1. For region 69-127, which residues satisfy the criterion of being closer than 21 Å to ALA30 by Cβ and assigned to a loop (DSSP other than H, G, I, E, B)?
2. Specify the residue that is nearest to TYR109 (Cα to Cα); the eligible residues are those in region 154-196 that are open to solvent by 90 Å² or more (accessible area, probe 1.4 Å) and at pLDDT 90 or above.
3. If we keep just the residues of region 118-153 that are without any contact (Cβ under 8 Å) to a residue 40 or more places away in the chain and among the aromatic types (Phe, Trp, Tyr), which is surrounded by the most Cβ atoms within 10 Å (Cβ to Cβ)?
4. Condition first: under 9 Å from PRO81 (Cβ atoms) and small (Gly, Ala, Ser). Now tell me which residues in region 49-69 satisfy that.
5. Would you pick out the residues in region 197-227 that are modelled with pLDDT of 95 or more, hydroxyl-bearing (Ser, Thr, Tyr) and within 19 Å of ASN35 (Cα to Cα)?
Amino acid sequence: MIKKVICVFLSLVFVLSLASCGEESEEISAVAVVNGEEITPEEFEYFRKKYKSEVLNDCLEKFGAEYTEGFWQTEFDGVTPEEILYERTLEECAKAKIQFLLMEEEGIYDDVTFAGLRAKAEAFNKENENKEGVVGIKSIQMSQFYSYYLQTGVMELQNIYAEGKLKPSEKEIQEKISEMRGTVDDFLEQDLESIAKSRLKTEKYEKYINELYEKAEIKEIEKYGKKN
């Protein structure tokens, strides 16, 4: 009798363990894959929250709509705000991933994963929490750490590329100066050249990233779905 009870108990444990494994296998580890690199749900939700208010306001203005309980699933001109937010979020995630990988290649960051950058921000804040007279920022807001490292890294990447693969030619500089003349007042010729180079640095970089994005292989994980 005791052996029978033990056998039943072990059988139940085995069944429950299988069910548990099945549940774990249903967890989503990635929302999409960009050139073989995963976009995690954490990354996706970070950008989704960042752009939710912007997409909301844009839709209210563009479609002349009012915010209601079912607003995000309401179709306007064949598309719902939920779908617009999803596509915007996915695009921003993909572009961020592409740029972070470039930063890793150039040695700007050692670890460009979402978790790695969060740990970097936490370590920075802990290191500086009791310091006085810190030059520059003393802490990084954890709600914005991903954007902080993205923006900081982009500036470094632009400087590197402006002296390398995206260095403007003399012809491009002169064309930009000609384009600017008459629109920029009270600047000496050398100032115009400096401004022209600065604008070209940004323009050429943005064009390059957009080209990489257009060529990128982006595979969505269908099971993740679209969330408002």
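The values are calculated or read from the model by the stated rules, or taken from the named source; none is laboratory data. Everything numeric here is computed off the predicted structure, so don't read it as measured data. Every residue, glycine as well, gets a Cβ built from its backbone with ideal geometry; the counts of neighbours run over all protein chains shown. We work out accessible area using only protein heavy atoms, side chains counted, and drop any ligands, DNA or RNA first. Shrake-Rupley method; radii C 1.70, N 1.55, O 1.52, S 1.80 Å.
1. Residues of region 69-127 closer than 21 Å to ALA30 by Cβ: 82-83, 85-104, 109, 111-119.
Result: TYR109, ASP111, VAL112, THR113.
2. This residue is MET155.
3. Taking region 118-153 as the starting set, the residues that turn out to be without any contact (Cβ under 8 Å) to a residue 40 or more places away in the chain are 118-145, 148, 151-152.
Then drop every residue that is not among the aromatic types (Phe, Trp, Tyr), which leaves 124, 145, 148.
On the way: PHE124: 16, PHE145: 20, TYR148: 16.
My answer is PHE145.
4. ALA65
5. Residues satisfying the conditions are TYR208, TYR213.
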